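Novice: Sharing a structure with you now.
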Amino acid sequence: MKLLDTEHFPLVPIAQSEIKIASFNLLNYLAPPNAYYDFENIYSYEQWHKKQHWLTSILDAQQPDIIGFQEVFSADELKALLRDIGYPHFAVVDKPKVEGDFIYRSPVVAIASKFPITEVIAVEADNEAAQLMGWAEFSFSRKPLRATVDIPHIGATDCYVTHLKSKRSLFDDPLPETIAKTGSALSSFLGQRLGSWGSSMLRGTEAALLQLAMVKRREQTSNPMVLCGDYNDVISSSCLEELTASRVYGMSESDTERLINFYCLYDGWQLYTQINPQDEETRPATHYYNGKGSVLDYILLSQEFNARYLGSLFEVSHYHTEDKHLVNSSFDIDGYSTDHAIPIVTLSLRS
């Protein structure tokens, strides 16, 4: 048997057939001696070392290829840590606000990748669309980013990272006397209701305008899409349900599939359970409040990752929620980790 002459036919490395994508809320990732939100909130150097060590250990264990981060204050420190453990590509598109030279507010999102990032932009709101929805002026509470990543087998893929408006009241100031008597129980009650609904309106508008930007980009490039982040709400809420909607009233199912599904997003968990239905009822929470768990962190994917689409290149073969630091924590290890679990999808090349 004659062996292949590798001198004339050099061996070409086979691109990996599995890709892991994670969404990671870092919870106040800020290097000392700076403070987050209040001058007393400063990690000691020992606490910061523990937070860095915990982050490194999670990434070493799970080995995601692409990570969307939220709550980043210290982008340079995060970039350096990631570079040292195998993530040469990193990007941010915004900076936190700083008061008095050391009190940081308004953290930003970031992305890290083992694969080349060919383009990075901040996603901007479409002002005309915002006005149609009743907003005279609109801006995202935290700028989403779009990074185009060169993923093996599939090529240029638009990866978006977002951190939508929280459920915290939209305003902290007391209601005007013309609405309710200042200092009264009724003023507090009404203020909380109005502030909560204001946050919901902002969060829903952010989701809608982000989706609009993604669809317009998809129409221009046909690039596959990934959207990961902290949504601060369940995907089935009235604010966010349109992100994964595919219906068009008055359009037949066949026309919707032919004309609209190309622009739709699918929840990574749903794509996993449609081929693993035995796990459908066991989705772990990603956040706990007053002892109640909910899923606030999601990874949404376009049809190129949907096994039911005949033209898909990948399928979601595994879905993992890294939550030991929440449900079985050890203070020595997890004391300076995060209050969110980390969802991770594994995409496998279809045969």
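The values are calculated or read from the model by the stated rules, or taken from the named source; none is laboratory data. What you are looking at is a predicted structure, and each value in this text was computed from that prediction instead of being measured. Because the Cβ atoms are built from the backbone with ideal geometry, glycine has one as well, and the counts that use them run over all protein chains shown. Just the protein is used for accessible areas: all its heavy atoms, side chains included, with ligands, DNA and RNA removed. Shrake-Rupley method; radii C 1.70, N 1.55, O 1.52, S 1.80 Å.
Novice: Which residue pairs have Cβ atoms under 8 Å apart, sit 6 or more places apart or on different chains, and have a first residue in the range 251-265 that is within 22 Å of residue 217 (Cα to Cα) and modelled with pLDDT of 85 or more and a second that is surrounded by 13 or more Cβ atoms within 10 Å (Cβ to Cβ) and among the aromatic types (Phe, Trp, Tyr)?
Specialist: 261/309
Here's the yes/no breakdown for (1) of a type in the set (Lys, Arg); (2) surrounded by 16 or more Cβ atoms within 10 Å (Cβ to Cβ):
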residue	(1), (2)
176	no, no
197	no, no
200	no, yes
207	no, yes
217	yes, yes
223	no, yes
226	no, yes
229	no, yes
286	no, yes
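Novice: Continuing with the same structure: Which of the residues belonging to the range 340-351 are out of contact with any Lys or Arg (no Cβ under 8 Å at 6 or more places or on another chain) and either closer than 18 Å to residue 53 by Cβ or part of a strand (DSSP E or B) (or both)?
Specialist: Of all residues in the range 340-351, those out of contact with any Lys or Arg (no Cβ under 8 Å at 6 or more places or on another chain) come to 340-343, 348-351.
Scanning the range 340-351 gives 340, 342, 343, 348, 349.
Novice: State which residue is nearest to residue 230 (Cα to Cα) when the search covers only the range 83-110 and only residues that are under 18 Å from the mean Cα position of the chain (by Cα) and loosely packed, with under 15 Cβ neighbours inside 10 Å.
Specialist: If we take residues in the range 83-110 being under 18 Å from the mean Cα position of the chain (by Cα) and loosely packed, with under 15 Cβ neighbours inside 10 Å, then 106 is nearest to residue 230 (Cα to Cα).
Novice: Within the range 274-284, track down each residue that is surrounded by 10 or more Cβ atoms within 10 Å (Cβ to Cβ) and either under 14 Å from residue 328 (Cα atoms) or acidic (Asp, Glu) (or both). Break it down stepwise before answering.
Specialist: At the first step, the residues of the range 274-284 found to be surrounded by 10 or more Cβ atoms within 10 Å (Cβ to Cβ) are 274-276, 279-280, 283-284.
Result: 279, 280, 284.
Novice: Here's another thing I want to ask about it. How many residues are assigned to a helix (DSSP H, G or I), in contact with a Ser or Thr (Cβ under 9 Å, 6 or more places away or on another chain) and open to solvent by 70 Å² or more (accessible area, probe 1.4 Å) when one looks only at the range 178-195?
Specialist: 2
Novice: Please find, among 61, 80, 22, 15, the residue that is surrounded by 13 or more Cβ atoms within 10 Å (Cβ to Cβ) and on the phi < 0 side of the Ramachandran plot. Working first, answer last.
Specialist: On the way: 61 fails: surrounded by 13 or more Cβ atoms within 10 Å (Cβ to Cβ); 80 fails: surrounded by 13 or more Cβ atoms within 10 Å (Cβ to Cβ); 15 fails: surrounded by 13 or more Cβ atoms within 10 Å (Cβ to Cβ).
Every option except 22 fails the conditions.
Novice: Okay, next question. Against the condition modelled with pLDDT under 95 and polar (S, T, N, Q), how does residue 178 come out, does it pass?
Specialist: On the way: modelled with pLDDT under 95: yes; polar (S, T, N, Q): yes.
Spelling it out, residue 178 is indeed modelled with pLDDT under 95 and polar (S, T, N, Q).
Novice: May I ask you to say which residue of 295, 316, 234, 226 is out of contact with any strand residue (DSSP E or B) (no Cβ under 7 Å at 6 or more places or on another chain), of a type in the set (A, V, I, L, M) and modelled with pLDDT of 95 or more?
Specialist: Numbers: 316 fails: out of contact with any strand residue (DSSP E or B) (no Cβ under 7 Å at 6 or more places or on another chain); 234 fails: out of contact with any strand residue (DSSP E or B) (no Cβ under 7 Å at 6 or more places or on another chain); 226 fails: out of contact with any strand residue (DSSP E or B) (no Cβ under 7 Å at 6 or more places or on another chain).
The conditions single out 295.
Novice: Identify the residue in the range 292-313 that is without any contact (Cβ under 8 Å) to a residue 12 or more places away in the chain and within 21 Å of residue 231 (Cβ to Cβ) and, among all such residues, is surrounded by the fewest Cβ atoms within 10 Å (Cβ to Cβ).
Specialist: Our first condition is that a residue be without any contact (Cβ under 8 Å) to a residue 12 or more places away in the chain; within the range 292-313, this holds for 292-293, 310-311.
Then keep just the ones that are within 21 Å of residue 231 (Cβ to Cβ); that gives 292-293.
Working: 292: 8, 293: 16.
Here the answer is 292.
Novice: Looking at (1) closer than 24 Å to residue 29 by Cα; (2) assigned to a loop (DSSP other than H, G, I, E, B), find the lone condition where residue 275 falls short.
Specialist: The failed condition is (1).
Novice: Same structure again: If you check residue 113 against the conditions, is it among the small types (Gly, Ala, Ser) and within 21 Å of the chain's Cα centre (by Cα)?
Specialist: Details: among the small types (Gly, Ala, Ser): yes; within 21 Å of the chain's Cα centre (by Cα): yes.
Yes.
Novice: Residues to consider are 171, 140; find the one that is assigned to a loop (DSSP other than H, G, I, E, B) and open to solvent by less than 50 Å² (accessible area, probe 1.4 Å).
Specialist: One residue alone meets the criteria, 140.
Novice: Of everything in the range 112-130, what is closer than 18 Å to residue 24 by Cα and either of a type in the set (D, E, K, R) or out of contact with any His (no Cβ under 8 Å at 6 or more places or on another chain) (or both)? Give them in sequence order.
Specialist: Correct list: 114 only.
Novice: Out of the residues in the range 314-334 meeting the condition of being more than 28 Å from residue 16 (Cβ to Cβ) and either in a strand (DSSP E or B) or touching a His at 6+ places or on another chain (Cβ under 9 Å) (or both), tell me which one is most open to solvent (accessible area, probe 1.4 Å).
Specialist: For the range 314-334, the residue satisfying everything is 333.
Novice: Now a separate question. Based on this model, can you work out whether residue 125 counts as crowded, with 18+ Cβ neighbours inside 10 Å, in contact (Cβ under 8 Å) with a residue 40 or more places away in the chain and assigned to a helix (DSSP H, G or I)? Can you show your working first?
Specialist: On the way: crowded, with 18+ Cβ neighbours inside 10 Å: yes; in contact (Cβ under 8 Å) with a residue 40 or more places away in the chain: yes; assigned to a helix (DSSP H, G or I): no.
So residue 125 does not fit the description; no.
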